[in-house]
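Chemist: Got a structure for you, written out below as structure tokens; questions coming shortly.
The values are calculated or read from the model by the stated rules, or taken from the named source; none is laboratory data. Just so you know, these numbers come straight off a predicted model, no measurement behind them. For neighbour counting, all protein chains shown are included, and Cβ atoms are generated from backbone atoms with ideal geometry for every residue, glycine included.
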Amino acid sequence: MVLPIRSITSAKTARIAHDPIDGLAARVHEGLANDHQSHLAKARVGAWLRTLLDTLFPQAAEQTYGTAREVRDALDASAAELLSLLRPLEGEIDDPARVAAAFFQALPEIHRQLLVDATAIERGDPAAESVDEVILAYPGFLAIAVHRIAHRFYELRVPLLPRVLSEWAHERTGIDIHPGATLGHPVVIDHGTGIVVGETAAIGNNVKLYQGVTLGALSVTKSLASTKRHPTIENDVIIYANATILGGETVIGEGSVIGGNTWITSSVPPNSIVYQRSEVHVRQGRADFETPDFVI
């Protein structure tokens with residue numbers, strides 16, 4: 001006897017409905033639904049940040065505003081979205097509404113600082129033709145902009161959100177600045193790809209960093225998490241490409257120049273010049289000296 005297709009489908013549906021695996025799947029689905037409601041959503045954070053940057057810097061905005069009221073409405077909408085993003089963290093922060101209000105109170109000063117950064121980048125780079133170009137096209141400026149926003153949330157002791165913001169910039173620029181790091185005014189990042197700045201690093205005013213610079217820790221032991229692990233860079237310092245500076249007690253003195261490819265684990269006095277001397281050896285024969293044979 002051949003059952004009609006409808007009967008076969010109905011019988012299969014009945015078996016699935018009583019299958020214990022289906023019950024397990026329902027519990028998994030319910031758990032995932034709860035997760036969606038109770039966890040910070042990376043994509044929403046990125047969309048909020050992009051909208052905020054567009055409001056602050058119309059040079060790169062998808063939408064422009066013609067009146068002060070439109071700008072205020074956009075910022076009000078951004079504040080409401082931030083409050084919504086903070087709701088899943090309510091058990092870890094005292095008052096999401098207070099945090100959102102404190103952030104937006106600080107926003108005019110953050111904006112002012114970023115304009116100082118953009119102007120310093122334009123003045124220091126012969127290839128930059130305008131501040132607008134810096135804001136539109138320079139990854140170093142984008143990384144600094146996002147850091148100043150993320151750092152304010154870090155100061156407000158908001159968990160997780162500052163790291164999500166900094167990773168948004170890291171993905172787009174190749175510049176990895178921990179939101180806990182302290183940056184002076186201005187800070188100039190030239191090119192920037194591969195820069196790493198650790199959580200407890202302190203960078204002074206009028207400091208310039210080139211690509212590949214690492215401001216890191218000498219030790220990554222978990223027990224040292226609450227200590228000063230990363231170096232201090234005083235005012236008016238230039239650090240050239242691929243220099244590595246390590247250690248919480250390491251201080252690069254004011255006005256110093258750190259050459260490319262240097263490795264520093266102790267303090268440098270003010271107004272110093274540190275560089276790596278390259279030596280070229282021309283061998284007269286194969287027996288003159290042992291040829292290095294590295295495996296990487």
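Chemist: Enumerate the pairs (first residue in segment 94-106 and in the same structural domain as Ser78 (by TED's automatic domain parsing); second residue anywhere and aromatic (Phe, Trp, Tyr) and modelled with pLDDT of 95 or more) with beta-carbon separation below 9 Å, excluding pairs fewer than 6 apart on the same chain, so at least 6 apart or on different chains.
Modeler: From residues that are in the same structural domain as Ser78 (by TED's automatic domain parsing), the pairs are Val99/Phe153; Phe103/Phe153.
Chemist: With Ala169, Ala127, Ala201, Ala137 as the choices, which residue is surrounded by 22 or more Cβ atoms within 10 Å (Cβ to Cβ) and in the same structural domain as Leu49 (by TED's automatic domain parsing)?
Modeler: Among Ala169, Ala127, Ala201, Ala137, only Ala169 is surrounded by 22 or more Cβ atoms within 10 Å (Cβ to Cβ) and in the same structural domain as Leu49 (by TED's automatic domain parsing).
Chemist: Need the failing condition index for Ile177 against (1) surrounded by fewer than 20 Cβ atoms within 10 Å (Cβ to Cβ); (2) within 27 Å of Pro139 (Cβ to Cβ); (3) at pLDDT 95 or above; (4) hydrophobic (A, V, I, L, M, F, W, C), just the number.
Modeler: (1) is the only condition that Ile177 fails.
Chemist: Taking the condition of being free of Cβ contacts under 8 Å to residues at least 60 places away in the same chain and surrounded by 13 or more Cβ atoms within 10 Å (Cβ to Cβ), how many residues in segment 57-69 meet it?
Modeler: Residues flagged as free of Cβ contacts under 8 Å to residues at least 60 places away in the same chain and surrounded by 13 or more Cβ atoms within 10 Å (Cβ to Cβ) within segment 57-69 amount to 3.
Chemist: Scan the helices (runs of 4 or more DSSP H) fully inside segment 34-147 and keep the ones with 1 or more residues being farther than 28 Å from Gly174 by Cβ and in contact with a helix residue (DSSP H, G or I) (Cβ under 6 Å, 6 or more places away or on another chain).
Modeler: Those helices (runs of 4 or more DSSP H) span 68-86, 96-124.
Chemist: When only residues in segment 187-203 that are more than 27 Å from Leu160 (Cβ to Cβ) and touching a Leu at 6+ places or on another chain (Cβ under 9 Å) count, which is modelled with the lowest pLDDT?
Modeler: The qualifying residue modelled with the lowest pLDDT is Asp190.
Chemist: If the requirement is being surrounded by fewer than 21 Cβ atoms within 10 Å (Cβ to Cβ), aliphatic (A, V, I, L, M) and out of contact with any His (no Cβ under 8 Å at 6 or more places or on another chain), which of these qualifies: Val220, Val188?
Modeler: Checking each option against the conditions leaves just Val220.
Chemist: Against the condition in contact (Cβ under 8 Å) with a residue 24 or more places away in the chain, under 26 Å from Thr244 (Cβ atoms) and acidic (Asp, Glu), how does Asp176 come out, does it pass?
Modeler: For Asp176, the condition - in contact (Cβ under 8 Å) with a residue 24 or more places away in the chain, under 26 Å from Thr244 (Cβ atoms) and acidic (Asp, Glu) - is not met.
Chemist: Related question: Take segment 88-120 and flag every residue that is basic (Lys, Arg) and either in contact with a Pro (Cβ under 6 Å, 6 or more places away or on another chain) or within 17 Å of Ile135 (Cα to Cα) (or both).
Modeler: Arg112, the sole residue that qualifies.
Chemist: Go through segment 210-227 and give me each residue that's at pLDDT 95 or above and of a type outside the set (A, V, I, L, M, F, W, C).
Modeler: Passing the criteria: Tyr210, Gln211, Gly212, Thr214, Gly216.
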